[in-house]
1. Compute the distance from the alpha-carbon center of region 27-50 to that of region 56-79, in whole Å.
2. Express the accessible area of the chain per residue in Å², computed with a 1.4 Å probe while the remaining protein chains stay in the model.
3. If you roll a 1.4 angstrom probe over the protein chains with everything in place, what fraction of the accessible area of the chain belongs to carbon and sulfur, to the nearest %?
4. Pop out the ³J(HN,Hα) list for region 65-82 in order, Karplus 6.51 cos²θ - 1.76 cosθ + 1.60 with θ = phi - 60°, rounded to Hz; leave Gly and Pro as x.
5. Could you give the size of the charge dipole of region 49-94 about its Cα centre, using +1 on the Cβ of each K and R and -1 on the Cβ of each D and E, expressed in debye and rounded to the nearest 20?
6. Going by accessible area, probe 1.4 Å, with all protein chains left in place, what is the ranking of Arg72, Arg34, Arg89, largest first?
7. Please label the shape of region 10-111 as rounded, prolate or oblate, based on the square roots a ≥ b ≥ c of the eigenvalues of the alpha-carbon gyration tensor (a/c under 1.5 means rounded; beyond that, a/b larger than b/c means prolate, else oblate).
8. Give me log10 I(q)/I(0) at q = 0.14, 0.18, 0.26 Å⁻¹ for region 27-77, Debye formula, one equal scatterer per alpha-carbon, no solvent.
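The values are calculated or read from the model by the stated rules, or taken from the named source; none is laboratory data. Since the structure is predicted, the reported quantities are computational estimates derived from the model, not experimental observations. For neighbour counting, all protein chains shown are included, and Cβ atoms are generated from backbone atoms with ideal geometry for every residue, glycine included. Surface areas here come from the heavy atoms of the whole protein model, side chains and all, with no ligands, DNA or RNA. Shrake-Rupley method; radii C 1.70, N 1.55, O 1.52, S 1.80 Å.
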Amino acid sequence: MTYVYDDTNIFAMILRGDIPNSTVTETDYSLAFRDINPQSPVHILLIPKGKYVTIDDFAANAGLEEVADFWRTFAAIIDGEGLQQKGFRVISNAGEHGLQEVPHFHLHILGGKALGPILAQ
Ligand code: 5GP
């Protein structure tokens, strides 16, 4: 299946600078910022700057430089936020069953407290 990217999504607007964000770190290929509605003391969204709808879209179609940059940026965030010692959780919602709200691939990086079971129900 080929994903169709919607340029009007809110993260595309953030990348265009149309709306502000609380930036954690930025590279040529990736941007990380604080979630507007944090679910834990640390709740960071890491996105590629490229137009990928879901994690599998990114994994299948991103260039190797984008992929490398994304994961190195991820590692830098974990280190920068001091999340190794106590641990953290990474979530990427995709599509209808994943309840993805924003159709631009993002990782939720959650930490800063014990997070409980992986699923609510
Ligand atoms: P999803 O359900 O797509 O995995 O998660 C989307 C996330 O984006 C939610 O956690 C939501 O709080 C966050 N979000 C939605 N709009 C904005 C925004 O304008 N700014 C920021 N920083 N986060 C947003």
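1. First find each Cα centre; the distance between them is then 13 Å.
2. Solvent-accessible surface per residue comes out at 62 Å².
3. Roughly 54 percent of what the probe reaches on the chain is carbon or sulfur.
4. 5, 5, 5, 4, 4, 4, 6, 5, 5, 4, 4, 5, 5, 4, 5, x, 8, x
5. So the dipole magnitude of region 49-94 works out to roughly 180 debye.
6. If we order Arg72, Arg34, Arg89 from most to least accessible, we get Arg72, Arg34, Arg89.
7. Since a/c stays below 1.5, the shape of region 10-111 is classed as rounded.
8. Each listed q maps to, in turn, -0.37, -0.58, -1.01.
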